[in-house]
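Okay, so here's the structure we're looking at.
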Amino acid sequence: MSTNTNNAGREGPGSETGSPHLTELVRQLKLTYRQAGNPSYRTIIRTTSIGLSTSTISRIFTARKPPKWENLTELLLALGVSREDIKTTWHRLWMLADNEANPLTGTDNAGGELLPAGRRPKDVEVCHRCGAWIADTALHTRWHAGVARVEMPPNEQKPVNVARRRR
């Protein structure tokens, strides 16, 4: 007699984390799992490129903390989620949950770039104060002014241009 040991559709100990963003991430993941037809974990494992284990998949569905981004991405791809949806919708959900679980504090060094040069879009401007990618210089300058509650010195008004990476 065969029994299904998948817990993706069931409420488990990790379903109520006290973290609204993690709870929403897990809820959306369970809905996606259901929309994919509730595939067995073995079926999911066969379709992933990094070889997720059944225990890793189970921990993602009963998360007490946000899963590793790479593992979540592989699981979503195995469930038929498009790379575009992963980049837009799912990454935002994951970032909210991860930021809630591991908030950056005032003592964290935010100076410097957030990603190495090889992982940035070409010709992006990077703020030398916080490392953020800048799409709107005036808006970003106002943001820094609001955070610091003081106007930025004129020499800090322009972001640093990043040189193009040669191939």
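The values are calculated or read from the model by the stated rules, or taken from the named source; none is laboratory data. Treat the numbers as computed from the prediction; the structure is a model and nothing was measured. Cβ sites come from the backbone with ideal geometry, for glycine too, and all protein chains shown count toward neighbours.
Quick check on my filter: what residues within region 46-91 are polar (S, T, N, Q) and not in a loop (DSSP other than H, G, I, E, B)? Steps first, please.
Going through region 46-91, the residues polar (S, T, N, Q) turn out to be 47-49, 53-56, 58, 62, 71, 73, 82, 88-89.
Residues satisfying the conditions are THR47, THR54, SER55, THR56, SER58, ASN71, THR73, THR88, THR89.
Counting only residues that are outside any loop (DSSP other than H, G, I, E, B) and surrounded by 10 or more Cβ atoms within 10 Å (Cβ to Cβ), which one in region 100-138 is modelled with the lowest pLDDT? Lay out the reasoning, then the answer.
Taking region 100-138 as the starting set, the residues that turn out to be outside any loop (DSSP other than H, G, I, E, B) are 100-101, 117-119, 125-126, 133-134, 137-138.
Filter again for surrounded by 10 or more Cβ atoms within 10 Å (Cβ to Cβ), leaving 100-101, 117, 125-126, 133-134, 137.
Numbers: GLU100: 87, ALA101: 87, ALA117: 53, GLU125: 74, VAL126: 73, TRP133: 72, ILE134: 75, THR137: 78.
This residue is ALA117.
Being assigned to a loop (DSSP other than H, G, I, E, B) and under 19 Å from TRP90 (Cα atoms) is the requirement here; does ARG27 meet it? I'd like the intermediate steps shown before the answer.
On the way: assigned to a loop (DSSP other than H, G, I, E, B): no; under 19 Å from TRP90 (Cα atoms): yes.
So ARG27 does not fit the description; no.
Is it the case that some residue within region 30-37 is at pLDDT 95 or above, within 18 Å of the chain's Cα centre (by Cα) and either within 12 Å of LEU93 (Cβ to Cβ) or part of a helix (DSSP H, G or I) (or both)?
Yes: one or more hits.
Criterion first (buried (at least 19 other Cβ atoms within 10 Å of the Cβ), assigned by TED's automatic domain parsing to the domain that holds ALA36, not aromatic (Phe, Trp, Tyr) and not in a helix (DSSP H, G or I)) does ALA97 satisfy it? Write out each step before concluding.
On the way: buried (at least 19 other Cβ atoms within 10 Å of the Cβ): yes; assigned by TED's automatic domain parsing to the domain that holds ALA36: yes; not aromatic (Phe, Trp, Tyr): yes; not in a helix (DSSP H, G or I): no.
It is false that ALA97 is buried (at least 19 other Cβ atoms within 10 Å of the Cβ), assigned by TED's automatic domain parsing to the domain that holds ALA36, not aromatic (Phe, Trp, Tyr) and not in a helix (DSSP H, G or I).
I'd like the residue in region 75-86 that is over 13 Å from the mean Cα position of the chain (by Cα) and surrounded by 16 or more Cβ atoms within 10 Å (Cβ to Cβ) and, out of all such residues, is farthest from THR43 (Cα to Cα).
Only one residue tops the list, namely VAL81.
Can you name the number of the only condition in (1) surrounded by fewer than 21 Cβ atoms within 10 Å (Cβ to Cβ); (2) over 14 Å from the mean Cα position of the chain (by Cα) that HIS21 fails?
Only one criterion is unmet by HIS21, namely (2).
Going by what's in this entry, would THR141 be described as under 30 Å from ARG64 (Cβ atoms), at pLDDT 75 or above and β-branched (Val, Ile, Thr)? Full working, then the answer.
Details: under 30 Å from ARG64 (Cβ atoms): no; at pLDDT 75 or above: yes; β-branched (Val, Ile, Thr): yes.
When the stated conditions are applied, THR141 does not pass them.
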